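Notes follow once the structure below has been shown.
The values are calculated or read from the model by the stated rules, or taken from the named source; none is laboratory data. All values reported here derive from a predicted model rather than from experimental measurement. Cβ placement follows ideal geometry from the backbone for every residue including glycine, while neighbour counts extend to all protein chains displayed. Only protein heavy atoms, including side chains, enter the accessible area calculation; ligands, DNA and RNA are left aside. Shrake-Rupley method; radii C 1.70, N 1.55, O 1.52, S 1.80 Å.
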Amino acid sequence: METDSLFIDKEHFPSVASMLKALIGCCLLFAMGAPATAADIIVRSDGADIHSGPWFMRVTALADDTLRVRAAAAEDLPEDASWAVPEGMRGRSIHVSVKQNIDGVDFRTAVLAVRIERSPLRLIVSDLAGHVISADAPTGAVDVVGSGFTLRKVLRQSEHFFGLGDKTGPLDRRGQAFTLWNSDAYRFQESTDPVYKSIPFFVAAGGPGGSYGILLDNTWRTWFDFGKQDPQTIAFGSVAGPIDYYLIYGPSVHHVVERYTDLTGKPPLAPAWALGFQQSRYSYMSAAEVHAIADRLRAERIPADVIWLDIDYQDRNRPFTTNPATFPDLPALARDLRQQGLRLVVITDLHIAAAPGQGYSPYDSGIAGDHFLKRPDGSLYVGPVWPGPSVFPDFTRRDTRAWWGTLYRDFVAAGIAGFWNDMNEPSVFETPTKTMPLDTQHRIAEPGFAPRSVTHAEIHNVYGMLNARATFEGLKQLEPDERPFVMTRASYAGGQRYGATWTGDNSSTWNHLKLSIPMLLNLGMSGFAYSGADVGGFIGTPSPELMTRWIEIGAFAPIFRAHSEKGTPPKEPWVHGAEHTRIRRQFIEQRYRLMPYLYALADENARTGAPLMRPLFYEFPDALDAPCDQPTAFLLGDRLLIAPPPNLESPQPYEICLPAGRWYDYWTGEPVIVRASPKSFPATVGAPMPQVITETPTLDRLPVFVRAGAILPGQPLVQSTSETPQGPLSLDVYPGDDCRGTIYADDGHSMAYAQQGYLRQRVRCVVTDSGI
């Protein structure tokens, strides 16, 4: 029936005014979304579930400072499984007190106030003083297109962003956007993206609520936008896969990073020799050439611990073989080097030559165990790499990883000290994508995961990490009392549990030396404390001055390896004459004198996750907005500040902003005399003015400063970490507030430290009127 008249139910609306008031209220509720009901919100002891339209969100307090957020349509959460976060961490939670209201739900932990608004669906996290730490965008916080999704959060004017692993460009990610898709990035440049690793974790600093971090645990192709498309929005998402992320509150950056490594795992303590100088080349072509390199290192009195072998030591580039003509006795080579205090690390790529009927054991045993990836039709996937047609292990299968580990038996028995997993993005030749087809089939057979077949599109970003895991776990099986050393090029969040890494195929340019510093710093804040860049540059030829400066800076990096490409001139430390050799030797020697300090940092990292190499703001938050142009400055631990020129090739004087407090010159031991800040530096309310010194670059000097209050352990010079220092341990005391240091020692190679087979001595000093 149609009518133009308005019917008023007088029983329910005795007056026109009350009726209009009800109508207005209904309209507002319709615009905002209906109020939450008992069916919309499920209170849980550790958080809450909430329905909003087609969406279901679960927020869980894993700890007072860590939240896990999962969302899906119609309460259809995917399986609770992860390659990055172990089950024991995902299953943790704390009790919280939840309050429902008409708009959503609130709960608190000891440090966080969490609010979930129902319509539109939003998560807002604050500290207990009411400062917002992280807030979903007011509109479009969750956007789904097809199988992909985008999450949006508010970007504040004062925020800076770090992490995402070895992405290129400036240290601060703000204003940039990145794709995470492990890629063979040969000849990468400052704007190249994506590159080798996918670490979907970032740290935000400088916001009103302090620092926080977000890990998006999604192995598909993902992306992050820190205000590039919309300067007021942080956006991140994926082409497919789960909405599953963790929010970690600081308020300090160092707390966020250390809690992230609580979540995803800490690097195991490295063998001491891994902190020494390491010489590599693609390739040393024979055992005789390796002997010559070792003899020259010792003759030149250049301390070193490792020589690396690239693919040419192998028979026809086939992994787990040796060339019988050029490397006829690998065990003898390893033994001879060990007598000179040098260890041998060899490459073992994951592509296995497709060589049926040729007696190639890795292929034959892999076929017998059904360990290789397949095409959708069930046939083997074969792709061209260094050996020619190659097959690829399916590392998502626990049995395949165990099989892979057995392939190292002969090398371990031969005395090889460590292993290098390269090309594991995976890199495949003669294809525009540089990798295998996305429909290649993996068969997940892993505790904690539902058995299922998945495409490479889901596994690609985690494949390199699983390769390193298989190597690491295999070495643990073969030598359970020794610390494995694995170097991997590709990885994913949590990959620090299995291997060290490096920045890949860089170039012999000043820009690449400058670029390496923020790459290593962001890797450290992404969990990878053991990282390095190819000293001297892999591609091309460095000038003598570039090579010298690179060695100087590399002497203060976590992994100190010189490497170079086939077809380039030699890049060993002695190649540019006596004066350059003298300077390079001096800095390599200084690293060995500092080895007790470095080793104590390695112990700290194994316990806390704190990176060895740190940005200045990691320890000094005010440095986040320091006015000096110092993109190359960094800390080694919390006591040493290294300040190379911002333009490394320029002789122009430059200014160094030292954080608040007193500092000493590392080389002379003298207090640093600072001058007043220039008037051109704007003062920030509540922040101390920077302490400025001016440095004029010279090739034989790298400015290094020691924080007042440091006690640095040192040792007499040795030619390798296997040599016992002839003389006492020294303690260099730099008086000041919070005066402290740490001595850490163990046997340097075994797992005895895990059963308290170590010395850890805290050392303190107090300054009084009568002395120290």
At 25 °C and 0.890 mPa s, grab the translational diffusion coefficient of the stretch 257-301 from Stokes-Einstein with a Kirkwood Rh over Cα pairs, rounded to a whole number in µm² per second.
178
Hull shadow area, averaged, the stretch 157-272 [alpha-carbon convex hull, nm²]:
8.5
Greater than 29 Å apart at Cα, pairs in K266/K566; K197/K566; K476/K571; K153/K434; K374/K566; K514/K566:
K266/K566; K476/K571; K153/K434; K374/K566
Can you figure out the FRET efficiency of A450 with D370, using R₀ = 22 Å and their beta-carbon distance, to the nearest 0.05?
0.65
Placing each pseudo-label 7 Å from Cα in the direction of the beta carbon, V239 and Q477 end up separated by a distance in nanometres of 3.3
Based on the Kirkwood radius over alpha-carbon pairs, what is the Stokes-Einstein translational diffusion coefficient of the stretch 235-282 at 37 °C with 0.692 mPa s viscosity, in µm²/s?
223
Relative contact order (%) - the chain, alpha-carbon pairs under 8 angstrom, separation at least six:
11
Whole-percent carbon and sulfur contribution to the accessible surface of the chain (1.4 Å, no ligands, DNA or RNA) stands at 54
Can you give the FRET efficiency for A332 and T179, using 1/(1 + (r/R0)^6), R0 = 45 Å, r = Cβ-Cβ distance, to the nearest 0.05?
0.45
Work out the charge dipole of the chain with +1 on the Cβ of Lys and Arg and -1 on the Cβ of Asp and Glu about the Cα centre, then indicate which of G209, I444, T396 is farthest towards its positive end.
G209
R0 of 35 Å, Cβ-Cβ distance D747-N511: FRET efficiency to nearest 0.05
0.25
Output the peptides 712-718, 729-735 sorted from most to least packed, where packing is the average of other Cβ atoms within 10 Å over each peptide's residues.
712-718, 729-735
Using only DSSP helix segments of four residues or longer, with each worth -39500 (n - 2.57), what per-residue ellipticity at 222 nm results for the chain after dividing by its residue count and rounding to 500?
-6500 deg cm²/dmol
Distance in nm between label sites at T608 and V766, each 7 Å beyond Cα in the beta-carbon direction?
2.3
Accessible surface, per residue, of the chain when the full set of protein chains is kept, probe 1.4 Å, Å²:
38
What length, rounded to one decimal in nm, is gained on full extension from E300 through to L717, with 0.36 nm per residue of separation minus their alpha-carbon distance?
148.7 nm
Can you work out D for the stretch 433-528 in µm² s⁻¹ from Stokes-Einstein, where Rh is the Kirkwood radius over C-alpha pairs, the temperature is 20 °C and the viscosity is 1.002 mPa s?
138
Quick one: how many Å² of F472 are accessible to a 1.4 Å probe, rounded to 10?
30
Length gained, F429-H291, 0.36 nm per residue minus C-alpha separation, equals 46.4 nm
All-pairs alpha carbon distance profile, the chain, 20 Å steps from 0, percent:
16, 47, 29, 6, 2, 0
What does the extension gain come out to for T406 and Q586, with contour length at 0.36 nm per residue minus their alpha carbon separation?
60.6 nm
Between R92 and T541, with labels modelled 7 Å along Cα→Cβ, what's the label distance in nm to one decimal, could you check?
5.4
What three numbers, in Å, describe the spread of the alpha carbons of the stretch 515-616 along their principal axes, ordered from the longest?
42, 27, 23
Mean Cβ-within-10 Å packing, highest first, puts peptides 437-448, 273-284, 222-233, 489-500 in the order 489-500, 273-284, 222-233, 437-448
Defining a contact as two alpha carbons under 8 Å apart and six or more residues distant in sequence, what relative contact order in percent does the stretch 168-269 show?
26
Karplus-derived 3J(HN,Hα), 6.51/-1.76/1.60, for each residue of the stretch 65-82, Hz, glycine and proline x:
10, 9, 10, 10, 10, 10, 9, 6, 7, 6, 6, 9, 5, x, 4, 8, 9, 7
Where K99, K514 fall by accessible area, highest first, once all protein chains stay in place (1.4 Å)
K99, K514
Relative contact order as a percentage, the stretch 406-466, C-alpha pairs under 8 Å and 6+ apart, gives 27
